[in-house]
1. Output the residues belonging to the stretch B:350-386 that are hydroxyl-bearing (Ser, Thr, Tyr), away from every other protein chain (no Cβ under 14 Å) and surrounded by fewer than 24 Cβ atoms within 10 Å (Cβ to Cβ).
2. Restricting to the stretch B:150-179, name every residue that is within 21 Å of B:Arg43 (Cα to Cα) and touching a Gly at 6+ places or on another chain (Cβ under 6 Å).
3. Taking the criterion of being more than 14 Å from chain B (Cβ to nearest Cβ), among the charged types (D, E, K, R) and touching an Asp or Glu at 6+ places or on another chain (Cβ under 7 Å), would at least one residue in the stretch A:179-199 satisfy it?
4. Would you tally the residues in the stretch B:55-84 being of a type in the set (A, V, I, L, M), without any contact (Cβ under 8 Å) to a residue 24 or more places away in the chain and farther than 18 Å from B:Thr30 by Cα?
5. Can you list residue pairs whose Cβ atoms sit under 6 Å apart, with the first residue in the stretch B:299-314 being touching a residue at least 60 places away in the same chain (Cβ under 8 Å) and basic (Lys, Arg) and the second being buried (at least 20 other Cβ atoms within 10 Å of the Cβ) and not in a helix (DSSP H, G or I)? Count only pairs 6 or more apart in sequence or on different chains.
6. Can you list residue pairs whose Cβ atoms sit under 7 Å apart, with the first residue in the stretch B:268-282 being facing another protein chain (nearest Cβ under 8 Å) and the second being of a type in the set (Asp, Glu) and assigned to a strand (DSSP E or B)? Count only pairs 6 or more apart in sequence or on different chains.
7. Can you tell me which of (1) in a loop (DSSP other than H, G, I, E, B); (2) under 28 Å from the mean Cα position of the chain (by Cα) is the one A:Phe228 doesn't meet?
8. Looking only at the stretch A:322-338, which residues are among the small types (Gly, Ala, Ser) and more than 30 Å from A:Thr374 (Cβ to Cβ)?
There are 2 protein chains.
Amino acid sequence: MSADPLRAGERRSNTPQTNGDRLWNDIVGTARFGGAENGGVTRLTLSDEDRQVRDWYVSECRGLGCTIEIDGIGNIFATYPGEDMSLPAIAVGSHLDTQPKGGRFDGILGVLAGVEVLRTLKESGTRLRHPLTVVNWTNEEGSRFSPAMMGSGVFAGALSLDRAHALADREGTTVGAALDAIGYRGEADGGPAAFAAYVELHIEQGPLLEASATEIGVVTGVQGVRWFDVEISGTEAHAGSTPMAQRDDALVAAAEIVLAVRDIARQNPPGVGTVGFAEVGPNSRNVVPGSVGMQIDMRHPSEAGLDQMQAALEETVRTVGAGADLRHVWSKAPVVFDPPIVEAVRDSTEALGFSATDIVSGAGHDAAHIATVTPTAMIFVPSKDGLSHNEAEYTSPEECARGAQVLLQTILELDRR
Amino acid sequence: MSADPLRAGERRSNTPQTNGDRLWNDIVGTARFGGAENGGVTRLTLSDEDRQVRDWYVSECRGLGCTIEIDGIGNIFATYPGEDMSLPAIAVGSHLDTQPKGGRFDGILGVLAGVEVLRTLKESGTRLRHPLTVVNWTNEEGSRFSPAMMGSGVFAGALSLDRAHALADREGTTVGAALDAIGYRGEADGGPAAFAAYVELHIEQGPLLEASATEIGVVTGVQGVRWFDVEISGTEAHAGSTPMAQRDDALVAAAEIVLAVRDIARQNPPGVGTVGFAEVGPNSRNVVPGSVGMQIDMRHPSEAGLDQMQAALEETVRTVGAGADLRHVWSKAPVVFDPPIVEAVRDSTEALGFSATDIVSGAGHDAAHIATVTPTAMIFVPSKDGLSHNEAEYTSPEECARGAQVLLQTILELDRR
């Protein structure tokens, strides 16, 4: 079976055709760098496995006629020349690092699809007006060095290069030392010139596209996030001799908060709310719990939605039985992608005859940083069972190929502007 | 201030009068064996501190004219002669071991009040028809060697002496070796002859008497206990990209069970239900929990009540969203004390003019084992703030003295039968 994403009779454009089989071969082929037998990949940022995939990527892009620039945080910019080199480049890309026991698609698809676009342009003799830059951002995952989205954060000015270099992993190795160790501390300080646009193809990492049997997600933005810690103080007591009416049970109060977080999210669609962490004290079967510490994650595409969710959470915590102390520990504002770039993605998907839906990303992406300095949008393809950060992560060859084709179509659309 | 428990004009009996000050001096005095500066006591069973308090106790009882018997598990029986030595002894007592960072009253009061009764009988020249045995049961607490209530369990035949001897603490020391080390492995194999009755004075370890300003609890039995483990299996998922409608959140299911356990107990008074232990997996703020393990403790004075609570719990677990597996891991049948002995406690309390209420013990006691082989009852006195197994455990001198006086009055009442 060929991975040709375009069903017979459905071609509505004369766009050059990306090669889905070739893209799939790259996905399977590069998975050997840090690959596990079950198809998973462990390729922590700036590890030797990361060096191997970077070397492959640089060599591949050079072979296609790209110039390579590497900046101080190790972001790799492979630029294919345009007819008018005075124009800013159109950029696409994502990241080649993975979580420990991660999959073959998260991030990787966006970079490899960029490479496939380069091949298709070269093969078909298609010349763009703009230069086209394919980017591999350093340390999107954040599992070795925190924070996540580090390379795009430095590029966008959210994090200084000096601070980033000084951050260390659990063994005490700094980002700077790790860059030197694999030979990817570059010269292009502060990144290259501004881009005309940035488009990132990524797997959804959620179940919506699969559940609605939709081929392409037109990503309109990234949810905002607010993190809260709550400390519940009840009264530790004997589980046998303390009557129900005289209890001040911290876990009962915690349970009320867990259900309230769910209800608050349901009442503020499309918001989501999660209590992912809970720790009970003293955590002994026959002692009424005296304390519970919980960590709460709330997300919504709008600040107003986040405000409403936070207010409802604060009200809940005020009214639960036991004493509870709520602290807002971190937040990330919602990102709204650039409407003309989003429109270009939507139009391109339509031109190709793929089913599409607008979608707000629940997960963070490099594109969220880049959106602060460049007109940006994203393209999602389905994730089987919504799984990600998992060795069982899967997107079919046909789904990957459709994503690559939409990426190319969008580039051509943007290039005409 | 004297700790005379009987208010002026309220004496309605000609019972000899126990000496509340003397009892309090013993409580404070013996707290030096394993005592902490803040009034707490750490006197783990068969430790050197336990040996010290045992030596003191044996010496004190010998001085009052008692014969001392020690059985194979180290239970100490101090017997004061009666007029008719062919009659079985009336027994009273409790335990002198404590929890780590325990208090001065839990168990200790029952033994020391027995000693104070002996003193009062001797001092007043009162002769009982029956012999009177004051017992110190080995290892009631179970915090060094499991199970708890070991000495009374061996006495009652619930645990064989050989098995008990072979049980080891965390350092690998066996009960047998620990008995030898402190010189309390006795000869009285299988315990002494059957008792006519057993009465145990104990602090309530709960808040009921204090809350209702009641002086004496007439204990009619010990709640039954059933322990359950529940393993909830949801689906681990991304907290950002998984919509609320597509979640299978193990912690949300767990919260529903926590609240159901509370509701089930409320609907089955005077039952109690507690989720004291919960462990969340993977327990990370931004991951929808995939698993929760919980431990549940349910208690009720009747088997029928326990059956109803268990059925309701099973129904709850069947109907929660995520998959949940409930296992019944341990149970202890309710104990109903001997009605004539309970009646003797109630009558004695009334004769002394103390306020009283019937109460079912929420905690386990040596009396629960002894009740299987001897007509048994218990007397409770208030615990400040319901606290126990805690260095802040407190019962006032007056409250202790009232308990001792009810104990003596009950012995006299039983002796007349």
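The values are calculated or read from the model by the stated rules, or taken from the named source; none is laboratory data. As the structure is a prediction and not an experimental result, all values here were calculated from the model. Here the Cβ is made from the backbone with ideal geometry for all residues, glycine too, and neighbour counts use every protein chain on show.
1. We begin by selecting, within the stretch B:350-386, every residue hydroxyl-bearing (Ser, Thr, Tyr); these are B:355, B:357, B:361, B:372, B:374, B:376, B:383.
Within this subset, residues satisfying the condition of being away from every other protein chain (no Cβ under 14 Å) are B:355, B:372, B:374, B:376.
Hits for the stretch B:350-386 are B:Ser355, B:Thr372, B:Thr374.
2. Passing the criteria: B:His165, B:Leu179.
3. The first filter runs over the stretch A:179-199 and keeps only residues more than 14 Å from chain B (Cβ to nearest Cβ), leaving A:179-199.
Checking the rest, the ones that are also among the charged types (D, E, K, R) come to A:180, A:185, A:187, A:189.
If we keep only those that are touching an Asp or Glu at 6+ places or on another chain (Cβ under 7 Å) too, we end up with A:189.
Yes, that holds for at least one residue.
4. In the first step, residues of the stretch B:55-84 are kept if they are of a type in the set (A, V, I, L, M); the result is B:58, B:64, B:68, B:70, B:73, B:76, B:78.
Subsequent filtering for residues that are without any contact (Cβ under 8 Å) to a residue 24 or more places away in the chain retains B:58, B:68.
Keeping just the survivors that are farther than 18 Å from B:Thr30 by Cα gives B:68.
Residues in the stretch B:55-84 being of a type in the set (A, V, I, L, M), without any contact (Cβ under 8 Å) to a residue 24 or more places away in the chain and farther than 18 Å from B:Thr30 by Cα: 1 in total.
5. Cβ pairs passing all conditions: B:Arg299/A:Gly240; B:Arg299/B:Gln223; B:Arg299/B:Val225; B:Arg299/B:Val272.
6. From the stretch B:268-282, the pairs are B:Thr274/B:Asp297; B:Gly276/B:Asp297.
7. (1)
8. First, pick out the residues of the stretch A:322-338 that are among the small types (Gly, Ala, Ser): A:322-324, A:331, A:333.
Selection gives A:Ala322, A:Gly323, A:Ala324.
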